[in-house]
Every structure is written in structure tokens, then in C-alpha cells.
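This report refers to the structure that appears directly beneath it.
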Amino acid sequence: MWGKILGACFGFMFGRIIGLFIGLYLGHMFDKSLKQNFDKAGGFSSLFKGDDDIHQRQALFFTSCFGVMGHIAKSNGRVSEVHILAASLFMDEMGLKGDDRKEAQDAFKAGKDSDFSLKETVFDFKERFARRHDLLQLFLEIQIQMAFSDGVLAAQEKELLQEVSKLLGISKTHFAFVLKRYQAEFSFRQQQQRYQQQQQRQQGQSSSYREGSGHHVPPNSGMNRTQALALLGLNNEATEREIKVAYRKLMAQHHPDKLVSQGLPKHMMELAVKKSQDIQAAYEFLKKAA
């Protein structure tokens, strides 16, 4: 309406009667275009989005994530026992029980079906989280984690991951960066587990807590400089400033509270917490080693 009024006023000022009609027409076209954009953005309902919208986003992240995980797990023709165990452990890590666990299992099974559309699933996910770049990257990291569950990245798995990355709008260069960083993260966690197991055997403990101290075994135990830099996505020539910038950027990307507010299911918060802990451990090691 305001487009018509303003268009008519300006048209009359510059062209009298003829200008008024021209301005009125142009104002009408402006109002029509503005309304389409407003409706596309959700109209007035977009001003009242609250918890329901977050829950919808969380549900979409949840089902899409496990669906694509199932699809990647079957990329070699069949789902191996290792992939099934990895999916189960992932659900345990998230504390999924009852209906929540069944939903995850159903989504994982749907991803294994021959009629599962990877392109449609990831496209819908991308559309919903288009401006949530940190969530898009975390989604990709979760799929990489599934592919690495058996310790080997098969050619078919890498090809699917590249397709997922492309559908998410992530460049080849950044995909290579994320993949390389996760390989360092995977290696670090394996090393950390071996270190803790060794400590437990030596001290006769059944947990990773030092008897009587209440302090957890330091997460950076056994880490070296090359590994710490790789975990931050850097090479051995990285400067102190580059290390600090990489650390702050990665911590911002994986901040659990921020990701949950953007649509990350609360069940997956532990995943973001662990990633943040790994990043923190690498940075603390590099600060002490400097």
C-alpha cells in the first residue's frame, strides 16, 4: 500500500496526472514484490518464532543426521558390524533411550534403504540451516566420524562425503580442511584412549580418575606439537598468532550452547563438548610448549 501512495505522490510531483498514474503502477509493482518477499520470509509469523521453531530444527537435524549416517554406512554395499556398533555407541554417547533411540534407529535404517534420497535429504537440511554455517560443518563432521568408525576411509565413503559437502555448499578446499582436521582428531582420541588404558593398567584403576585426587587424566597426555597443530587445522610452520586465531575460530564454531540455540539437538550437545575439549587440549599443549 505504501508503495502505491509514495509512487503516486512522487509521480504527481514530477509528471502531474500522467506521472501520478505511472507512479501508482510502479508503486503497485513494488508492493506486490515486497509482499512476496515478506511471505517467503514467513510473514508476521516469523516475528513470533520461539521454542517450537527450535524444536522443529532440532528434529530435522536429528533425523537427517542419522539418515545420512545410515546411507554412508551402506556405501560399500552392506552395513558392517563396525558401523552398526559405531551408530549404537553414538546413540549411547548422546544418551538416547526409549522413543528417542527408536527414532534414531528408524532414521538410520531409512538411510540404508535403496529408495533413500541423499540429495533430497541434504538439500532440505541445507535449506533449513542455510545461514547456520557452523551447524552445516558439524553435520559434515558427524558424517565423517561415521565413515571413520572402522578406522579406514573407503573410496565409496569419501565420494559420498564429497557429495554431501557439495550439497551443503561447502567448497572442496574447506572439505579437505575439515577432513584433515578430523583425521587428526580421530588419531588424538585413539592415542588418548591408549594412554588412559596404559595408566589404568599401571595403577590398577578401573577408571580414568587418579585415586584420591578427583582429577581427570589430562586430555593432552601423550600429544605432540605436530598433532596439536593438525587438530587446529594448521601445519608445523604456524605462527603464535595463527594458532590463536585458529583456536578462537574453532571454539566459536563448536560452542555447545550456541549450536543448540541454532538447532543442534540437545542430545548431540555432548558431541560438541568433546570437540571443544579436544580443541582446548591442543591449544593448551601448544601454549605450554611455546
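The values are calculated or read from the model by the stated rules, or taken from the named source; none is laboratory data. This one's a predicted model, so the numbers in the text were calculated from it and none came from an experiment. Glycine gets a Cβ as well: all are built from the backbone with ideal geometry, and neighbour counts include every protein chain shown. Surface accessibility is based on the protein's heavy atoms, side chains included, excluding ligands, DNA and RNA. Shrake-Rupley method; radii C 1.70, N 1.55, O 1.52, S 1.80 Å.
Exactly one residue out of GLU141, GLU163, GLU127, GLU157 is over 21 Å from HIS267 (Cα atoms), acidic (Asp, Glu) and open to solvent by less than 30 Å² (accessible area, probe 1.4 Å), and it is GLU157. A search for C-beta distances below 7 Å between a residue of region 254-265 that is farther than 12 Å from HIS133 by Cβ and any residue that is surrounded by fewer than 18 Cβ atoms within 10 Å (Cβ to Cβ) and among the β-branched types (Val, Ile, Thr), counting only pairs 6+ apart in sequence or on different chains, returns PRO256/VAL273; GLY263/ILE54.
Among the criteria (1) at pLDDT below 85; (2) within 23 Å of ILE144 (Cβ to Cβ); (3) under 27 Å from the mean Cα position of the chain (by Cα), the one PRO218 does not fulfil is (2).
What's the total number of residues in region 166-180 that are farther than 25 Å from ASN236 by Cα and surrounded by 15 or more Cβ atoms within 10 Å (Cβ to Cβ)? Write out each step before concluding.
In the first step, residues of region 166-180 are kept if they are farther than 25 Å from ASN236 by Cα; the result is 166-170.
Retained after the next criterion (residues that are surrounded by 15 or more Cβ atoms within 10 Å (Cβ to Cβ)): 167-168, 170.
Of the residues in region 166-180, 3 are farther than 25 Å from ASN236 by Cα and surrounded by 15 or more Cβ atoms within 10 Å (Cβ to Cβ).
If you check ASP100, ASP150 for being modelled with pLDDT under 90, open to solvent by 50 Å² or more (accessible area, probe 1.4 Å) and closer than 23 Å to PHE188 by Cβ, only one passes: ASP150.
Of the residues making up region 237-267, those that are assigned to a helix (DSSP H, G or I) and either in contact with a Ser or Thr (Cβ under 7 Å, 6 or more places away or on another chain) or of a type in the set (Gly, Ala, Ser) (or both) number 5. Can you name the number of the only condition in (1) loosely packed, with under 14 Cβ neighbours inside 10 Å; (2) modelled with pLDDT of 85 or more; (3) more than 30 Å from ILE54 (Cβ to Cβ); (4) among the basic types (Lys, Arg) that ARG225 fails? Here ARG225 clears every test but (1).
Results for (1) open to solvent by 20 Å² or more (accessible area, probe 1.4 Å); (2) under 21 Å from ALA272 (Cα atoms); (3) free of Cβ contacts under 8 Å to residues at least 40 places away in the same chain, shown as yes or no for each residue.
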{"site": "ILE84", "(1), (2), (3)": "yes, no, yes"}
{"site": "SER88", "(1), (2), (3)": "yes, yes, yes"}
{"site": "GLU93", "(1), (2), (3)": "yes, yes, no"}
{"site": "LEU96", "(1), (2), (3)": "no, yes, no"}
{"site": "ALA104", "(1), (2), (3)": "no, yes, no"}
{"site": "ALA110", "(1), (2), (3)": "yes, no, no"}
{"site": "PHE116", "(1), (2), (3)": "yes, no, no"}
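Checked against (1) open to solvent by 90 Å² or more (accessible area, probe 1.4 Å); (2) at pLDDT below 90; (3) not in a loop (DSSP other than H, G, I, E, B), GLN183 passes all but a single condition, namely (1).
The helices (runs of 4 or more DSSP H) found entirely in region 67-164 that carry 2 or more residues being basic (Lys, Arg) are 98-112, 118-128.
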